[in-house]
Amino acid sequence: MKSVKNLPLTDECHHWTHLGEVPWDLQKYWQQRYTIFPFYDEGIYMTEDAWYGVTPEPVAIHLVYDFVGFISADKRTVIDMFAGVGGNAISLAMATEEDGYTPRFDKVIAIELDAATLACAQNNAAIYDVADKITWVLGDSFKFLELLANSPDKLGADLRVDIATTTIFASPPWGGPGYRTDEIFDLTTMEPYNLAALHEAYKAMDHALYLPRTSDLRQIAKLVPDGVKIDVVQYCVEGASKAMVAYIPAAVEAPAVSPADQSMS
Ligand SMILES: C[S@@+](CC[C@H](N)C(=O)[O-])C[C@H]1O[C@@H](n2cnc3c(N)ncnc32)[C@H](O)[C@@H]1O
């Protein structure tokens, strides 16, 4: 698996400027384009699917602020597991230390399965002048983590990051709009990756999960041992929650029991 630069925009990538160009089912999202991307008119490109899942910029910015507060200062790499059109990756790449100048992350890796979507993300990041600060990967982010843990030699040199100083941000697909009608969204039914699958893949690292606003908090709480704190934040735009984010600390392995300890017990 290797990083990719400058993927070409395709017929699936759009920058719509008039309502008449927009498919009817996307028109209400397009009407919110300046909330989603305030610099939309500078040439933001989206795929049709991306309108449903993109993180609006005000949420992405606030979320990075919270994410940085959640992780320790020695975490210098962040992986955006589901880059989409760049809503979160751009804000992660723009994050700075308190001096307002030094980048908070030495490396931002953004992984996306779909080539047209990734091309939009690269285009959009260029508008914010951060395209070259992001290491882009076209592929399956679960496969990426598996290679990182077990066969790092199969990753390009710029992707072989140290797990000990790496954190994860994940805004997975939510499996269509069904979550909107559920009073409490059952995260075991989230498709194509449910909460257990996400947590299993990410648990070695501090990770933030961007989830439906009605997600079942009891299911999230069960991811960590009793007494361990998980922050869960609702992110709102114009008074309405868009999503909740769960900030989940890396699992601490139980200390190995030495033969001497065993004989004492
Ligand atoms: C909810 S969207 C992410 C939106 C993104 N945060 C943004 O602001 O644009 C989920 C994205 O994950 C991508 N995806 C799905 N499975 C993936 C996988 N296994 N690895 C990488 N990307 C994946 C989808 O193509 C989709 O673009």
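The values are calculated or read from the model by the stated rules, or taken from the named source; none is laboratory data. A quick note: this is a predicted structure, and the numbers were derived from the prediction, not measured. Every residue, glycine among them, receives a Cβ derived from its backbone with ideal geometry; neighbour counts consider all protein chains shown. In case anyone asks, the SASA skips ligands and DNA or RNA and just uses the protein heavy atoms, side chains included. Shrake-Rupley method; radii C 1.70, N 1.55, O 1.52, S 1.80 Å.
Using a cut-off of 20 Å between Cα atoms, the listed pairs 75/242; 75/222; 75/107 include 75/242; 75/222 as exceeding that distance. Placing unit charges on the Cβ atoms only, positive for Lys and Arg and negative for Asp and Glu, gives the range 63-103 a dipole magnitude near 160 debye about its Cα centre.
A viscosity of 1.002 mPa s and a temperature of 20 °C, combined with the Kirkwood radius over Cα pairs in Stokes-Einstein, give a translational diffusion coefficient for the range 1-67 of 159 µm²/s.
Counting protein heavy atoms only, the range 19-264 has 53 percent of its accessible area on carbon and sulfur, 1.4 angstrom probe.
The separation of the range 118-168 from the range 1-37, counted between C-alpha centres, amounts to 23 Å. Relative to the longest principal axis of the Cα atoms of the chain, the long axis of helix 57-70 makes an angle of roughly 10 degrees. Specify the angular offset, from 0 to 90 degrees and rounded to the nearest 10, of the alpha carbon long axis of helix 115-127 from the longest principal axis of the alpha carbons in the chain. Helix 115-127 and the main axis of the chain meet at about 80 degrees. Derived from the Cα gyration tensor, the three semi-axes of the equivalent ellipsoid of the range 77-172 are 21, 17, 10 Å, largest first. Database remark: amide H of residue 47 closer than 5 angstrom to the amide H of 14 (H placed geometrically; neighbours at sequence offset of 5 or more, or on other chains; Pro and chain starts carry no H). In the chain, the calculated helix contribution to ellipticity at 222 nm averages -7500 deg cm²/dmol per residue, counting -39,500 (n - 2.57) for every DSSP H run with n ≥ 4.
Accessible surface for the chain, divided over its residues, is 51 Å² per residue with a 1.4 Å probe. When nucleic acids and ligands are ignored and a 1.4 Å probe is applied, residue 145 ends up with an accessible area of around 20 Å².
When nucleic acids and ligands are ignored and a 1.4 Å probe is applied, residue 231 ends up with an accessible area of around 70 Å². Summing +1 for each Lys or Arg and -1 for each Asp or Glu, what net charge is found among the other residues whose Cβ lies under 13 Å from the Cβ of residue 66? Taking every other residue near residue 66 into account, the sum is -1. Could you state the angle between the C-alpha long axis of helix 141-150 and the longest principal axis of the C-alpha atoms of the chain, as a value from 0 to 90 degrees rounded to the nearest 10? On a 0 to 90 degree scale, this one is about 30. Rg and Dmax of the chain, based on Cα coordinates, read 19.2, 77 Å.
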